[in-house]
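Undergrad: The structure's right below; bear with me while I get my questions together.
The values are calculated or read from the model by the stated rules, or taken from the named source; none is laboratory data. This structure is a prediction, so every number in the text was calculated from the model and none was measured. Note: ideal-geometry Cβ built from the backbone for every residue, glycine included; neighbour counts use all protein chains shown. What goes into the accessible areas is simple: the full protein's heavy atoms, side chains included, and nothing from ligands, DNA or RNA. Shrake-Rupley method; radii C 1.70, N 1.55, O 1.52, S 1.80 Å.
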Amino acid sequence: MNTRTRAGFVGLGNIGRPMALQLAKADGIDLWVHDIAPEPVAELEAAGAKTAASVAELAASVDVLSVMVRDDDQVRQVLAEVLTARRTTGSRLTVLVHSTVSPDTPAELAATAAPHGVDVLDAPVSGGPMGAVDGTLAILCGGGAEAYAAASLVLAAMGSKVVHAGPVGAGTRFKLARNLLHFASFTAATEAQRLAESAGLDLVMLGEVVRHTDAITGGPGAIMHRDTIARIAPDDFWHGVFGHVVALGEKDLGFAIELAEELGVEVPLARLALERLAPGLGMGMSDVGGVSTGSTTAERHE
């Protein structure tokens, strides 16, 4: 009896190629690959993978098929080819959609595939090419428990943080929430750069300081420990912690906005943050005063 997992990979781009290379060297996995570009296919073949001339040929031979292509339309095209395959393995096929797609697309794909005996998991990744090369991606999965279990060896070979977020579609929604923070933070960084440049500061050095201190404090993720966004009760542990976060944050945001006004720099995100920091953390304005003192995550930013 063959106890090895037969894995396939379609889409050997900047992230897909190193993900597939992780599978090629993983114990217990036999890998097949397909891509329209010959160079990454040759690299994977040299790493020990078998090659397939088409998606359908690949899908006929594997148990778990990873798809990392550009957009929703390309994912649909790949799945349509998968469903034409004459499978020879006798096992149910699990398709992992690693592309970040529209929130409604995974359920649509799963409904299309189910009558053909094919399970679909949406499994977008976070960590970029660096995480793919190191095998340290976060992989965010949505789908049924049996399909998730069937794909577990493949997922573990490509990521060091694998999350079963819920039913199909939950992985994509998880990724979109994560990336909202990612790109909103990037936008805030550009606002900070405008302020710093207008103040005559070294932007490269500012970036070095931000990366240094975020590595110590955890950056925005440092406040993401609660399991609810509800208002915090006065006797809750987090009331004291976030009371300090709000007090320090409002003080520093206020000073930054004053500086921006002096320099004639527009800082709309800073103004919005000043308005929404307290309620966003579950604190009302009346909750901030009178909290106990003590070392907090926010203070480590000072």
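Undergrad: For every helix of n ≥ 4 consecutive DSSP H residues, a contribution of -39,500 (n - 2.57) applies; sum these over the chain, divide by its total residues, and give [θ] at 222 nm rounded to the nearest 500 deg cm²/dmol.
TA: Details: 13 runs with 151 residues, N = 302.
Calculated from helices alone, the mean residue ellipticity at 222 nm is -15500 deg cm²/dmol.
Undergrad: Along the Cα→Cβ direction, 7 angstrom out, place labels at Asn14 and His182. What is the inter-label distance in nm?
TA: Distance between the two pseudo-spin positions: 1.1 nm.
Undergrad: Hey, with R₀ at 35 Å, roughly what FRET efficiency would Thr84 and Ala149 work out to, going by the Cβ-Cβ distance, to 0.05?
TA: Numbers: r = 26 Å, r/R0 = 0.76.
Calculated transfer efficiency: 0.85.
Undergrad: Sticking with this structure for a sec: Which lysines does Lys50 reach when only Cα atoms under 17 Å apart count, and residues fewer than 8 places away in its own chain are ignored?
TA: Lys25
Undergrad: Write down the accessible area per residue of the chain in Å², having rolled a 1.4 Å probe over the full set of protein chains.
TA: Numbers: 15790 Å² over 302 residues.
Normalised by residue count, the accessible surface of the chain is 52 Å².
Undergrad: Ok, one more. Quick check on the stretch 86-161: take the gyration tensor over C-alpha atoms, sort the square-rooted eigenvalues as a ≥ b ≥ c, and tell me if it's rounded (a/c under 1.5), prolate or oblate. Could you put the intermediate results ahead of the total?
TA: Values: a/c = 2.37, a/b = 1.49, b/c = 1.59.
Note, shape of the stretch 86-161 comes out oblate.
Undergrad: Now for a different question. Rank Val67, Val204, Val163, Val209 by accessible area, highest first, at a 1.4 Å probe radius?
TA: Values: Val67 5, Val204 100, Val163 35, Val209 80 Å².
Ranked list, largest accessible area first: Val204, Val209, Val163, Val67.
Undergrad: Mind ranking Ile216, Ile229, Ile223, Ile139 by accessible surface for me, highest first, 1.4 Å probe? Write down the numbers at each step before the final one.
TA: Working: Ile216 110, Ile229 155, Ile223 65, Ile139 0 Å².
Heavy-atom accessible area, descending, gives Ile229, Ile216, Ile223, Ile139.
Undergrad: For Arg70, Arg6, give me the order by solvent-accessible area with a 1.4 Å probe, most accessible first, ignoring ligands, DNA and RNA.
TA: Values: Arg70 175, Arg6 60 Å².
These residues rank, largest area first, as Arg70, Arg6.
Undergrad: First check a/c for the stretch 242-283, with a ≥ b ≥ c the square roots of the eigenvalues of its C-alpha gyration tensor; if it is under 1.5, answer rounded, and if not, answer prolate when a/b is larger than b/c or oblate otherwise.
TA: Details: a/c = 4.92, a/b = 1.99, b/c = 2.47.
In terms of gyration-tensor shape, oblate.
Undergrad: Let me ask something additional. I'd like the antiparallel share, as a percent to the nearest 5, of DSSP beta bridges with both residues in the chain.
TA: Details: 3 of 30 bridges.
Beta bridges within the chain, antiparallel portion: roughly 10 percent.
Undergrad: So, one more: Looking at the chain, do any whole DSSP H helices span at least 27 angstrom along their long axis by alpha carbon and average -1.0 or above on Kyte-Doolittle, and which?
TA: Details: long enough: 170-198 (43 Å, -0.09); 237-263 (40 Å, 0.59).
Helices meeting the span and hydropathy rule in the chain are 170-198, 237-263.
Undergrad: I need to check one value: relative contact order of the chain, counting alpha carbon pairs closer than 8 Å and at least 6 residues apart, in percent.
TA: Normalised by residue count, the contact order of the chain is 12 percent.
Undergrad: Using a probe of 1.4 angstrom, how much of the accessible area of the chain is carbon and sulfur, in percent? Working shown, then result.
TA: On the way: 9160 of 15790 Å².
Ligands and nucleic acids excluded, carbon and sulfur give 58 percent.
Undergrad: Then there's this: State whether the stretch 28-156 is rounded, prolate or oblate according to the following rule on the C-alpha gyration tensor (a ≥ b ≥ c being the square roots of its eigenvalues): a/c under 1.5 gives rounded; otherwise a/b larger than b/c gives prolate, and the remaining case gives oblate.
TA: Cα axes put the stretch 28-156 in the rounded bin.
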